[in-house]
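Chemist: Could you have a look at this structure, given as structure tokens, before my questions?
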């Protein structure tokens, strides 16, 4: 398998593959808050933002919509194998922002089937995926979520580079007259705009932040060690006030972003218990804030030279992180829509 | 959608008088009455200490609500009923209970005297000293308490407080190997006390100024030796109260911005439809939330009695500087009205800056955070390390030294 840490058959890895899959379906049965802590630790320990994103794409973005909107058959079919790591699911990061981008996959009704045509790029985990969560638009623009297995005739996956987070493994998905039955529809037909899409957006905004909290903590740890080891002007960097103040600000950003993440994640758990919906505003502010925190922390750590090149990779990947999830263009508009009660 | 309500007006009368409080530089008596009636000061203290024992979230919410209504009143009341009362509850004993109750109920007002005229955060420069009123061998009767001499400056409530909790050096008798420092609870209504007000940029309704002690009397029970390190944990109540002031000020500035953006029409549409305005509002929303979440966490830790010095330091750094940014955006969204004297955001803009400075300025706290990251204590050395590297000298020109002196 291409993502060994996610799919290795150990207990710990099983939890990473399926933390949000319920226990009775073979998953870890963790809460959203616990899953975030797991992903934070994975980001800190793996020191790899791309691998963290791969874990989120499979264990959250591909898993939770199925848990939330899947039929009993769909849940029984997919979730146990996703939780064990036997199957991985993939989602395009261009399909996690509702209709803010024009749809690139079309769905046509043909008797009792659906015919899908189109191409979607930036599919996280595509080269290794067993199946894909794909949003497709009707001729009249209504959108439906589909679960498309890799062996569906007419489906092609082309591995691509993304320029960042290479360890996530990226691909372009092309569907050419793919014929799907109603059992491939996730949720209500033509209702993705009010079902799967808002959920996917909030999941992306919240959970992709979690590995980054860990990466920021790893960078902070590296920076503290560096400041204690290296000298400038004949004295340890740790004696330099400007170094000390920068490190303090890095620590502050870590704590603030973690606080935002924990609030947003906990709302998924409250919702699980009470049926109340997590706040889209809180999800979007979490991503908006964390993206800025990640940019500032990686910039402050850009001088570090660790053997594994974390600072360079994180600097590159932070720019990518800040541009996905809709980037500031979408996130600011979404937060403003909530605060101003407009939009 | 799950929404945690941002505190709104809790004291409409105090909010309605906030502009006047700023203009006149005086907190109306009615404000004090309304706070006492609401039991504001009791929230911060346990039942045993005469409080109402609110949980930490409720405390932060009540603090922010008052800070939103009137930052000046908030500062004055909270310095007395939270910070000073906590110090008395922590370091005092049963003889101080009437004093504690008086502060909690708002019947008396306290000031916290730390900073002196020579320096703000550097305790090494402080001169104020407590010494026995009649040292052994002197003419007067022994054992009649202590006197305090020195000047504390830029102190909230100094012009009108009834009592000051003062950080002072201890003049120790031979054989006394206790701490070098003490807290002295000083009655300010006595001949040895002179006080003065200092005009200030923001929080103009908050009384602020200096206290000059000239052999002012302090009862023996009111001088409590305290190690300086330990005292800084007590001061974190002050950092917390200032952080919450900043959050309340920022939230008020954002609320004013949202209201203005919704009603002000420019280029044929309300400002709220301008993406530039939306971006400012979205950023403010995210930053205020981040600060408030950290405030709740820090307050929970502190209220539970766990060490929270580093966390509260982080909070104060971020929250106070954040509020300066948010109020600056608010002024920009309001345009010319925002820089007009008497307008709410003009006042909030001035108020926000005070929080960055008060109760340890940001960079002092960054040093503390850095130390807790494992970097060791701050190192202050004479600045002499650049010249020896050869970097601080003018280089030769493109043709080298050959033309020099010709």
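Chemist: For chain A, what does -39500 (n - 2.57) per DSSP helix run (n ≥ 4), summed and divided by total residues, give at 222 nm, in deg cm²/dmol to the nearest 500?
Modeler: The per-residue figure over chain A is -16000 deg cm²/dmol.
Chemist: Here is a follow-up. Inside 10 Å of the C-beta atoms of B:374-382, what's the mean count of C-beta atoms belonging to other chains?
Modeler: Mean shielding count: 5.
Chemist: Where a ≥ b ≥ c are the square roots of the eigenvalues of the C-alpha gyration tensor, would you call the stretch A:196-340 rounded, which needs a/c under 1.5, or, failing that, prolate if a/b is larger than b/c, or oblate?
Modeler: prolate
Chemist: I would also like to ask the following. Taking the number of other C-beta atoms within 10 Å as the exposure measure, put B:233, B:151 in order starting with the fewest.
Modeler: B:233, B:151
Chemist: Express in % the proportion of alpha carbon pairs of chain B at distances exceeding 41 Å.
Modeler: I get 23 percent for the Cα pairs in chain B exceeding 41 Å.
Chemist: Take residue A:150 and residue B:48, extend 7 Å from each Cα along the Cα→Cβ direction, and tell me the distance between the two endpoints in nm.
Modeler: Result: 6.3 nm between the two label points.
Chemist: Once both axes come from the Cα atoms, what is the angle between helix A:72-84 and the longest principal axis of chain A, in degrees from 0 to 90, rounded to 10?
Modeler: Relative to chain A, helix A:72-84 is tipped by roughly 30 degrees.
Chemist: Which three semi-axes in whole Å describe the equivalent ellipsoid of the stretch B:207-307, each the square root of 5 times a Cα gyration tensor eigenvalue, listed largest first?
Modeler: They are 44, 19, 8 Å, listed from largest to smallest.
Chemist: With springs connecting C-alpha atoms under 10 Å apart, model chain A as a Gaussian network and identify which of A:324, A:88, A:208 has the largest mean-square fluctuation.
Modeler: Taking springs between Cα atoms under 10 Å, the residue moving most is A:324.
Chemist: Okay, next question. Taking the highest mean first, how do the peptides A:228-234, B:216-222 order by number of other beta carbon atoms within 10 angstrom per residue?
Modeler: B:216-222, A:228-234
Chemist: For the protein assembly as shown, place one equal point scatterer on every Cα, skip the solvent, and apply the Debye formula. What is log10 of I(q)/I(0) at q = 0.06, 0.07 Å⁻¹?
Modeler: The calculated log intensity ratios at q = 0.06, 0.07 Å⁻¹ are -0.45, -0.60.
Chemist: What spacing in nm lies between the two simple spin-label points modelled at residue A:270 and residue B:125, each 7 Å away from Cα in the Cβ direction?
Modeler: 4.6
Chemist: Divide, for chain A, the radius of gyration over alpha carbons by 2.2 N^0.38 Å, where N is the residue count.
Modeler: Output field value: 1.01.
Chemist: I've got another one for you. Given the options B:45, B:101, B:260, state which has the largest fluctuation in a GNM of chain B using a 10 Å cut-off (strictly under) for Cα springs.
Modeler: Among B:45, B:101, B:260, the largest GNM mean-square fluctuation belongs to B:260.
Chemist: Mind checking the mean number of beta-carbon atoms from other chains within 10 Å of the Cβ atoms in B:146-152?
Modeler: That works out to 0 on average.
Chemist: Based on the mean of other Cβ atoms within 10 Å per residue, sort peptides A:192-200, A:25-33, B:25-33 so the most packed one is first.
Modeler: Taking the mean over residues of other Cβ atoms within 10 Å, the ranking is A:192-200, A:25-33, B:25-33.
Chemist: Subtracting the Cα-Cα distance from 0.36 nm times the residue separation, let me have the gained length for residue B:398 to residue B:171 in nm, one decimal.
Modeler: 75.2 nm
Chemist: Per residue and in Å³, how big is the convex hull formed by the alpha-carbon atoms of the stretch A:227-302?
Modeler: Residue-normalised Cα hull volume stands at 85 Å³.
Chemist: With angles folded into 0 to 90 degrees, how steeply does helix A:196-207 sit against the dominant principal axis of chain A? Use alpha carbons for both and round to 10.
Modeler: Roughly 20 degrees, rounded to the nearest 10.
Chemist: Next question. For the residue pair residue A:194 and residue B:144, what label-to-label distance in nm results when each label sits 7 Å from Cα along the Cα-to-beta-carbon direction?
Modeler: Between residue A:194 and residue B:144, the simple spin-label model gives 8.5 nm.
Chemist: Moving to a separate point now. Could you work out the mean count of beta carbons from other protein chains within 10 Å of each residue's beta carbon in B:270-280?
Modeler: That average works out to 4.
Chemist: When the gyration tensor of the stretch A:92-186 is built from Cα positions, what are the square roots of 5 times its three eigenvalues, in whole Å, from largest to smallest?
Modeler: 22, 15, 10
Chemist: Continuing with the same structure: With r defined as the distance between the Cβ atoms of residue A:231 and residue B:37 and R0 fixed at 56 Å, what FRET efficiency is calculated, to the nearest 0.05?
Modeler: 0.35
Chemist: Above 18 angstrom, tally the Cα pairs of the stretch B:344-406 and express them as a % of all pairs, no decimals.
Modeler: 69
Chemist: With a 10 Å radius around each residue's Cβ, average the other Cβ atoms per peptide and rank A:91-97, A:125-131, highest first.
Modeler: Per-residue Cβ counts within 10 Å, averaged per peptide and sorted highest first, yield A:91-97, A:125-131.
Chemist: A further question on this structure: Choose one answer from B:154, B:387, B:107: the residue with the largest mean-square fluctuation in a GNM of chain B with alpha-carbon springs under 10 Å.
Modeler: Taking springs between Cα atoms under 10 Å, the residue moving most is B:387.
Chemist: Oh, and also: Helix A:241-274 versus the longest principal axis of chain A: what angle, 0 to 90°, nearest 10, using Cα atoms?
Modeler: Helix A:241-274 sits at roughly 30 degrees to that axis.
Chemist: Report the FRET efficiency, 1/(1 + (r/R0)^6), for residue B:255 and residue B:363, where r is their Cβ-Cβ distance and R0 is 30 Å, rounded to 0.05.
Modeler: 0.50
Chemist: Shifting gears a bit: Averaging over every viewing direction, what projected area does the convex hull of the Cα atoms of the stretch B:7-108 cover, in nm²?
Modeler: 6.0
Chemist: What does DSSP give for the protein assembly as shown in terms of the percent of beta bridges that are antiparallel, rounded to the nearest 5?
Modeler: Rounded to the nearest five, the antiparallel share is 85 percent.
No value in this document is a laboratory result; all are computed from the given coordinates. Keep in mind it's a predicted model, so treat the numbers as computed, not measured. Every residue, glycine as well, gets a Cβ built from its backbone with ideal geometry; the counts of neighbours run over all protein chains shown.
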